[in-house]
């Protein structure tokens with residue numbers, strides 16, 4: 001299963017992000033019908049050009065509709081999943097646990113974005129990685145929601161550690177030693193003793 005988390009909210013890019021693409025489709029479509037009678041006078045050449053323009057407009061519109069419908073930001077209880085539609089047949093899926101997010105910045109870039117309040121969210125991740133998701137009409141709300149869920153997750157993890165019995169802590173330490181290796185585990189244990 002792709003998303004094994006409770007989904008809190010799904011955000012899509014604003015339709016205004018694709019405004020110019022859909023406007024181009026409309027212009028091509030209207031242009032084909034506007035020049036339909038002069039084109040049809042050229043016989044099969046004119047009809048071919050007419051149907052080519054209609055097909056081009058519909059195809060370009062469908063490609064942008066697919067991108068709009070399949071590009072989304074899914075906020076879950078424990079992780080964030082970003083679906084980026086790169087083309088008609090290519091979709092990139094990025095999963096980010098809240099513990100990997102160091103900082104979240106929201107900015108509005110450009111006159112079009114400022115007028116229509118289309119925010120871009122920049123996630124600063126552990127390891128100096130950055131991830132950008134743009135065109136959100138509720139970017140500030142998304143930022144607040146993620147920060148709230150991140151804080152709730154930290155509190156849950158701290159409560160989990162506080163509620164462990166001594167036996168559970170020993171079993172957890174043994175499991176960590178097995179996964180990390182004895183040398184690294186001892187090195188980490190000694191670092192904690194020094195401080």
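The values are calculated or read from the model by the stated rules, or taken from the named source; none is laboratory data. As the structure is a computational prediction, the values presented were derived from the model and not from experiment. Positions of Cβ are generated from backbone atoms using ideal geometry, with glycine treated the same way; all protein chains shown enter the neighbour counts.
Below are the figures for this structure:
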item	result
Filter result for residue 47 (surrounded by 12 or more Cβ atoms within 10 Å (Cβ to Cβ) and in a helix (DSSP H, G or I))	yes
Residue 111 surrounded by 14 or more Cβ atoms within 10 Å (Cβ to Cβ), in the same structural domain as residue 11 (by TED's automatic domain parsing) and either at pLDDT 85 or above or within 25 Å of residue 68 (Cα to Cα) (or both)	no
Where residue 70 falls short, out of the listed (1) surrounded by fewer than 18 Cβ atoms within 10 Å (Cβ to Cβ); (2) at pLDDT below 90	(2)
Hey, residue 119 in contact with a strand residue (DSSP E or B) (Cβ under 8 Å, 6 or more places away or on another chain), buried (at least 18 other Cβ atoms within 10 Å of the Cβ) and on the phi > 0 side of the Ramachandran plot or not	no
Residue 121 closer than 24 Å to residue 68 by Cβ and out of contact with any helix residue (DSSP H, G or I) (no Cβ under 8 Å at 6 or more places or on another chain)	no
Elements of type helices (runs of 4 or more DSSP H) contained in the stretch 116-195, each with 3 or more residues being more than 17 Å from the chain's Cα centre (by Cα) and more than 27 Å from residue 103 (Cα to Cα)	166-180, 182-194
The stretch 5-22 - residue that is in a loop (DSSP other than H, G, I, E, B) and either within 12 Å of residue 74 (Cα to Cα) or not assigned by TED's automatic domain parsing to the domain that holds residue 121 (or both) and, of those, modelled with the highest pLDDT	13
